[in-house]
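A quick write-up on the structure given underneath.
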Amino acid sequence: MLRQVAEGVLVHESEFCQSNAVVVQGRDGVLLIDPGVQDREMACLANDVSDLGQTVVAGFSTHPDWDHLLWHPSLGAAPRYGTARCAATVRDQLSDPGAKAEITAHLGPTGIADQVPLDLYGLITALPAETARIPWDGPHVRIIEHQAHAPGHAALFIEERGVLVAGDMLSDVLVPMLDLDDTADPIEDYLAALRLLEGVAGDVDALVPGHGSVGGADQVHARIERDRAYVLALREGHLPSDPRVGPSAKAGWEWVSDVHNGQAQRLARRSERDGTPGF
């Protein structure tokens, strides 16, 4: 079911990890951002769009994680965009003939592996580098690209509606997850991305994270500060005090503590190798 968060902007929350799909209404159809995970939910989303009297005319993947690269035939054949770096990363992924099988294996413990459609996985059209807005006939959607979390990660700011679609950042249930694979300074990359989001925060009325609860204007700065405090604690080698990890974690999200511990261990190894601050 779609829930309106601003005029012409609606959100569908998936059962899987509170994944949020965002529908933006335009003049000739809708822009669909990160459409979801399970096939039945995406089919329901397609029906909801049809009930609005519209079709999907464009898609966008905020970053190249598997759960943001899915699609369903009922959503149609509209172009699905991503940043140039996002699209290049997806091409590299799909150059491995076993990539989709790895996703299915990864999903084994979740019980939804057979409900995740992979036939149209990752069919992303790269926008030219430095593209500032999504090319479509609808409200201006500013692309805020940065290198936090994943290569070519982008938040989207729907300026006329005051909605910030944050991708896998600014969540109330997930801690910041750094890109620790191919970056020289993942901590500074993340802090730089938070500064970019802070630059539009004063104009945001609704915040939609990739996973978690939609926040109002009063939560935007608070979530930025919480993410910054977490990342700074990692940089300084402190154990962060954060309600998203440990005993205070939301029910069903206790595994986020394992994510945190894994990041801390990897940063500790980087610190030992490079002689930089960290766990």
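General observations
- Residue in the stretch 24-38 that is under 14 Å from the mean Cα position of the chain (by Cα) and part of a strand (DSSP E or B) present: yes
Residue-wise test of (1) surrounded by fewer than 17 Cβ atoms within 10 Å (Cβ to Cβ); (2) in contact with an Asp or Glu (Cβ under 8 Å, 6 or more places away or on another chain); (3) within 30 Å of Gly111 (Cα to Cα).
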{"position": "Ala6", "(1), (2), (3)": "no, yes, no"}
{"position": "Cys17", "(1), (2), (3)": "no, yes, yes"}
{"position": "Asn20", "(1), (2), (3)": "no, yes, yes"}
{"position": "Pro35", "(1), (2), (3)": "no, no, yes"}
{"position": "Leu45", "(1), (2), (3)": "no, no, yes"}
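- Strands (runs of 3 or more DSSP E) wholly inside the stretch 105-192 containing at least 3 residues that are open to solvent by less than 10 Å² (accessible area, probe 1.4 Å): 154-158, 163-165
- Checking each residue in the stretch 50-98 for being in contact with a helix residue (DSSP H, G or I) (Cβ under 6 Å, 6 or more places away or on another chain) and surrounded by fewer than 19 Cβ atoms within 10 Å (Cβ to Cβ) picks out Ser74, Gln93.
- Of all residues in the stretch 201-237, those satisfying the criterion of being more than 29 Å from Gln265 (Cα to Cα), assigned to a helix (DSSP H, G or I) and open to solvent by 10 Å² or more (accessible area, probe 1.4 Å) are Ala217, Asp218, Gln219.
- Considered as a group, the residues in the stretch 48-66 that are in a helix (DSSP H, G or I) and in contact (Cβ under 8 Å) with a residue 12 or more places away in the chain include one that is farthest from Gly76 (Cα to Cα), and that residue is Trp66.
- Odd one out for Tyr81 among (1) under 24 Å from Leu127 (Cβ atoms); (2) assigned to a helix (DSSP H, G or I); (3) among the hydroxyl-bearing types (Ser, Thr, Tyr): (2)
The values are calculated or read from the model by the stated rules, or taken from the named source; none is laboratory data. For clarity, every value in this text was computed on a predicted model and none was experimentally measured. Ideal geometry is used to build each Cβ from the backbone, glycine not excepted, and the neighbour counts take in all protein chains shown. Each accessible area value is taken on the protein alone, full model and side chains, heavy atoms only, with ligands, DNA and RNA left out. Shrake-Rupley method; radii C 1.70, N 1.55, O 1.52, S 1.80 Å.
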